[in-house]
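**Student:** Sharing a structure below in structure tokens format, with a few things to ask.
The values are calculated or read from the model by the stated rules, or taken from the named source; none is laboratory data. The structure displayed is predicted, hence computed values, not measured ones. When we count neighbours, we look across all protein chains shown, and the Cβ atoms used for this are built from the backbone with ideal geometry, even at glycine.
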Amino acid sequence: MLNGHDAVFEAAEVGVPDERMGEELVACIVKKPRTDVTEDELIRYCQAHLAKNKTPKRVVFLDTAAKWSGQDFKDPASKNCLGYCD
């Protein structure tokens, strides 16, 4: 769903461990070149389009050099956005 935002080039939501809830959603985002978007803007965008339990609690911005290099986010080894969501 986040891929529909004008400033988002690539997006993935992953579950990361959370002491209180067991797991929380984090969005890993690669922005389109020459765009500017904040974590708050993307969370509000999700809140407008998704149920509360489907909305990420955090957004992590990755640059194209540091992104997930084609790994499938269903693979448990990539669930930490390659270390960016720790």
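**Student:** Out of the residues in region 27-42 that are more than 10 Å from the chain's Cα centre (by Cα) and among the β-branched types (Val, Ile, Thr), state the one that is modelled with the lowest pLDDT.
**Tutor:** Result: Thr35.
**Student:** Taking into account only those residues within region 43-73 that are closer than 17 Å to Met1 by Cβ and in a loop (DSSP other than H, G, I, E, B), which is modelled with the lowest pLDDT?
**Tutor:** Per the criteria, the residue is Phe73.
**Student:** What are the pairs with Cβ atoms under 6 angstrom where one residue, in region 30-59, is under 20 Å from Val16 (Cβ atoms) and the other, located anywhere, is aromatic (Phe, Trp, Tyr) and not in a loop (DSSP other than H, G, I, E, B)? Sequence gap at least six, or different chains.
**Tutor:** Val30/Phe9
**Student:** Could you list, in sequence order, all residues of region 17-46 that are of a type in the set (Val, Ile, Thr) and in contact with a helix residue (DSSP H, G or I) (Cβ under 8 Å, 6 or more places away or on another chain)?
**Tutor:** Val26, Ile29
**Student:** Taking region 1-21 as the search range and keeping residues that are surrounded by fewer than 11 Cβ atoms within 10 Å (Cβ to Cβ) and farther than 16 Å from Lys54 by Cβ, which one is modelled with the highest pLDDT?
**Tutor:** Asp6
**Student:** Same structure, new question: Could you check region 5-17 and list, in sequence order, the residues that are farther than 17 Å from Asp63 by Cα and free of Cβ contacts under 8 Å to residues at least 24 places away in the same chain?
**Tutor:** Hit for region 5-17 is Pro17, nothing else.
**Student:** Scanning region 22-38 for residues that are in a loop (DSSP other than H, G, I, E, B) and either in contact with a Pro (Cβ under 9 Å, 6 or more places away or on another chain) or not charged (D, E, K, R) (or both), which turns out surrounded by the fewest Cβ atoms within 10 Å (Cβ to Cβ)?
**Tutor:** Here the answer is Pro33.
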